[in-house]
1. Please get the size of the charge dipole for the chain, origin at its Cα centre, with Cβ charges of +1 on Lys and Arg and -1 on Asp and Glu, quoted in debye to the nearest 20.
2. What number of lysine-lysine pairs in the range 1-145 show an alpha-carbon separation below 21 angstrom, given a sequence spacing of 8 or more or placement on distinct chains?
3. Leaving ligands, DNA and RNA out of it, rank SER34, SER143 by accessible area with a 1.4 Å probe, largest first.
4. What does the accessible area per residue of the chain come to in Å², with a 1.4 Å probe and no ligands, DNA or RNA counted?
5. Give, as a single signed number, the net charge of other residues whose beta carbon lies under 14 Å from the beta carbon of PRO119, with Lys and Arg counted +1 and Asp and Glu -1.
6. Can you give the convex hull volume of the alpha carbon atoms of the range 69-159 per residue, in Å³?
7. Calculate what fraction, in whole %, of the accessible area of the range 129-177 sits on carbon and sulfur atoms when a 1.4 Å probe is rolled over the protein chains.
8. At 4 °C and 1.567 mPa s, grab the translational diffusion coefficient of the range 120-191 from Stokes-Einstein with a Kirkwood Rh over Cα pairs, rounded to a whole number in µm² per second.
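The values are calculated or read from the model by the stated rules, or taken from the named source; none is laboratory data. All values derive from a computational prediction rather than experimental measurement. For neighbour counting, all protein chains shown are included, and Cβ atoms are generated from backbone atoms with ideal geometry for every residue, glycine included. Remember, those area values only see protein heavy atoms, side chains included, never the ligands or the DNA or RNA. Shrake-Rupley method; radii C 1.70, N 1.55, O 1.52, S 1.80 Å.
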Amino acid sequence: EVNHLWPHVWQMACRLEQIPEVGDWIEYENVGRSVLVVRSKEGVKAFHNACRHRGVPIAGTGGLDKECGKVSFGNCEKTGFICPFHGWRWNTEGDNTLVYGSHLFSERQLNSDDLKLRPCRVEEFGGCAWINHDDDAPSVRESLGPVAERLEAHNLHLLRAEWSYATVLPANWKIAMEAFMEGYHVMTTHP
């Protein structure tokens with residue numbers, strides 16, 4: 001599943017109201033892959049959460065905060081994303097804006113295209129930002145098929161989250177999801 005499923009399917013990374021202003025970002029993490037979804041001046045973008053120099057996560061906790069069940073988020077419009085290891089910086093468009101001690105590197109090593117944050121495919125649908133690690137996958141709308149029209153008929157894009165909670169479950173993800181998709185257990189388990 002880590003190799004054959006998750007890298008090729010659309011995953012809802014966040015609701016768009018979670019990143020309303022330019023510079024607002026949220027970290028989405030699943031099976032060891034961390035992605036930053038950010039509102040840029042040009043729209044919603046997503047980047048792999050890894051410094052282009054040493055691969056250190058440049059924002060967030062590198063995943064879910066297991067102590068409090070909260071996901072990392074913030075605003076980087078003024079400061080950009082800053083690598084906590086060597087201080088390299090990137091703006092909301094993913095462009096590198098600072099290489100600390102750049103005089104220590106050759107011109108070849110400072111190629112601006114090589115220093116850009118690695119993008120992750122992102123699309124908007126139903127008031128959500130969806131990410132996919134597979135650039136060749138069908139669009140999120142195509143992947144949802146006829147369900148997309150049904151969701152749009154209910155104005156999914158107008159819905160707003162009232163609260164959210166995240167946690168790490170010491171269980172197979174399919175068993176956990178199945179419990180949330182069926183109501184048969186409710187009367188006995190949750191009286």
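1. Numbers: 19 positive and 26 negative charges, 101 e Å.
So the dipole magnitude of the chain works out to roughly 480 debye.
2. The result is 5.
3. Values: SER34 25, SER143 70 Å².
Correct descending sequence by accessible area is SER143, SER34.
4. For the chain, the solvent-accessible area averages 66 Å² per residue.
5. -2
6. 148 Å³
7. Percent of accessible area from carbon and sulfur atoms in the range 129-177: 58.
8. Numbers: Rh = 15.3 Å.
In µm²/s, the coefficient is 85.
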